[in-house]
Each structure stands twice: as C-alpha cells, then as structure tokens.
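Below: the structure, in structure tokens.
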Amino acid sequence: KAGVTQTPRYLIKTRGQQVTLSCSPISGHRSVSWYQQTPGQGLQFLFEYFSETQRNKGNFPGRFSGRQFSNSRSEMNVSTLELGDSALYLCASSGGQGLRAFFGQGTRLTVV
Amino acid sequence: DQQVKQNSPSLSVQEGRISILNCDYTNSMFDYFLWYKKYPAEGPTFLISISSIKDKNEDGRFTVFLNKSAKHLSLHIVPSQPGDSAVYFCAASTPQAGTALIFGKGTTLSVSS
C-alpha cells in the first residue's frame, strides 16, 4: 500500500499570502488529521476530517481551514500568512487499526 | 497548559543497553496512548500503543508501561541500537477526540556504539 502523500514538500511564501497544502491518505483510510510542528511547540493538532466532515478541531485561529473530498484526499489552507506560521505541516491518516495514525513526510512552509 | 509532558528533552544511551523514555499526562480522560519515532525531514512513524485497560504492551524490542494512578507511561527499548537514535514522541487521545492526538514535545534519543 502506498503511504500518506503530502504535496508540496517545500514551500516559501510571503507574509500576507495564502497557501494550500494537499494530503492523499492511505487507500481505504477515511480519517485525515493535520498537525503543525514547530521547534517551540512541538506537534500540535489542527483538525481532523472524516467522510468529508470536520470531526475535531484544535486551538488555531480561523485563518487555518481545511476540507476533505469524497476520495478522502484533504487540503488545508492558511490565509493571511504570518511569520509564525513557518512550520512543518504533517498530515496523518487513520482507518482500520484503532487510533493508529500514519503520517506523511510533511510540507515545510517558510513564510518570509 | 500542556496535557502530555516529556520532561527529558534528550537521552544518551550506549548500544546494547536499555533506553527508558518517560511521559506524564494530566488529563484523566485519556484512554489511548501511542509512541512515535521521528527522524529529521520525515514524518513520525508509529512504534507502539497501549489502551488504558492494560498496563503493559510489548512489541519486539519495544515495551510500553502505563501507570494510570501516576498518570505516567514509559517506553523501554531493549537492547538499544544506533538506528534507534531519533526523536520520540508520546501521544494520547480521549474517547471523544478519537484520532485527534495530543503530543508531548519529544525526547531526542542518542544511542552510541
């Protein structure tokens, strides 16, 4: 089975712009979660989608949003980028093995 | 407030010895715990998990112990190998949160040969 695929791997954006990140989960997995990893805060949960519906949401501002498509692929969007949004964004998919989440390699976003 | 804490940022161990990584939590509603390993520039890789109805789970060289009364879990790696050098994250979930995981900040394990 192919793993979780995230695109792009690296991204540089300017403050104030918006960005969209993409995640293709493992085939058959219906749950997709997004996490932000920064050196100071570690891995923080952003939101989770299941069958195209947001099921859980972390404590992030409304500038962070996401969606899931009928094929379980998911996108997250960050609008009005700030320097502090520079981070590794990780996507994880789950399904069929309890709560075990399988992570992609992440998208490294740098805001300048 | 940090609900999952890994109080040791780093740990150094010699090859062949035991590595013990610790994790404390504050939320008594957590009922499922996981350990992940992460290499630089890669996503976390699942290692082992434990449900709150158990106090021990083993998988090869990896054993996780859960002490619910102390709200403490630990990961034992025996014997440690140089390839185990990575950042280890403890994570937890509540029944309501499902697959939304709360992570600790990680412990960097260095295994020297």
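The values are calculated or read from the model by the stated rules, or taken from the named source; none is laboratory data. Note that the structure is a prediction, hence the values are computed from the model and not measured. A quick note on method: Cβ atoms are made from the backbone with ideal geometry, for glycine too, and the neighbour counts reach across all protein chains shown.
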When every residue in the range A:76-100 that is closer than 30 Å to A:T14 by Cα and assigned to a loop (DSSP other than H, G, I, E, B) is compared, the one nearest to the other protein chains (Cβ to nearest Cβ) is A:S86
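Conditions tested, residue by residue: (1) part of a strand (DSSP E or B); (2) over 25 Å from B:P95 (Cα atoms); (3) out of contact with any Lys or Arg (no Cβ under 6 Å at 6 or more places or on another chain).
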{"site": "A:Q37", "(1), (2), (3)": "yes, no, yes"}
{"site": "A:E48", "(1), (2), (3)": "yes, no, no"}
{"site": "A:P61", "(1), (2), (3)": "no, no, yes"}
{"site": "A:S65", "(1), (2), (3)": "yes, no, yes"}
Hits in the range A:1-51 (condition: of a type in the set (D, E, K, R) and either buried (at least 21 other Cβ atoms within 10 Å of the Cβ) or at pLDDT 95 or above (or both)): A:R9, A:K13, A:R15, A:E48
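Quick grid of which residues meet (1) within 29 Å of B:Q3 (Cα to Cα); (2) part of a strand (DSSP E or B); (3) touching a Phe, Trp or Tyr at 6+ places or on another chain (Cβ under 7 Å):
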position: A:G3; (1), (2), (3): no, no, yes
position: A:L11; (1), (2), (3): no, yes, no
position: A:Q17; (1), (2), (3): no, no, no
position: A:C23; (1), (2), (3): yes, yes, no
position: A:S27; (1), (2), (3): no, no, no
position: A:W34; (1), (2), (3): yes, yes, yes
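Condition check ((1) surrounded by 21 or more Cβ atoms within 10 Å (Cβ to Cβ); (2) modelled with pLDDT of 95 or more; (3) polar (S, T, N, Q)) across all residues:
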| residue | (1), (2), (3) |
| --- | --- |
| B:D24 | no, yes, no |
| B:A41 | no, no, no |
| B:K68 | no, yes, no |
| B:G98 | no, no, no |
| B:S110 | no, yes, yes |
Here is a check on your reading of the model: is A:T38 more than 10 Å from the chain's Cα centre (by Cα) and either more than 23 Å from B:P40 (Cα to Cα) or among the small types (G, A, S) (or both)? no
Tally the residues that are more than 8 Å from every other protein chain (Cβ to nearest Cβ) and among the aliphatic types (A, V, I, L, M), restricting the search to the range A:41-75. 1
Let me confirm something: among B:N22, B:N57, which residue is part of a strand (DSSP E or B), under 16 Å from A:R100 (Cα atoms), touching a strand residue (DSSP E or B) at 6+ places or on another chain (Cβ under 8 Å) and polar (S, T, N, Q)? B:N57
Of the residues in the range A:101-112 that are surrounded by 15 or more Cβ atoms within 10 Å (Cβ to Cβ) and not in a strand (DSSP E or B), the one that is modelled with the lowest pLDDT is A:A101
Could you say whether any residue in the range B:65-83 is within 16 Å of B:I18 (Cβ to Cβ), within 14 Å of chain A (Cβ to nearest Cβ) and either touching a strand residue (DSSP E or B) at 6+ places or on another chain (Cβ under 9 Å) or part of a strand (DSSP E or B) (or both)? no
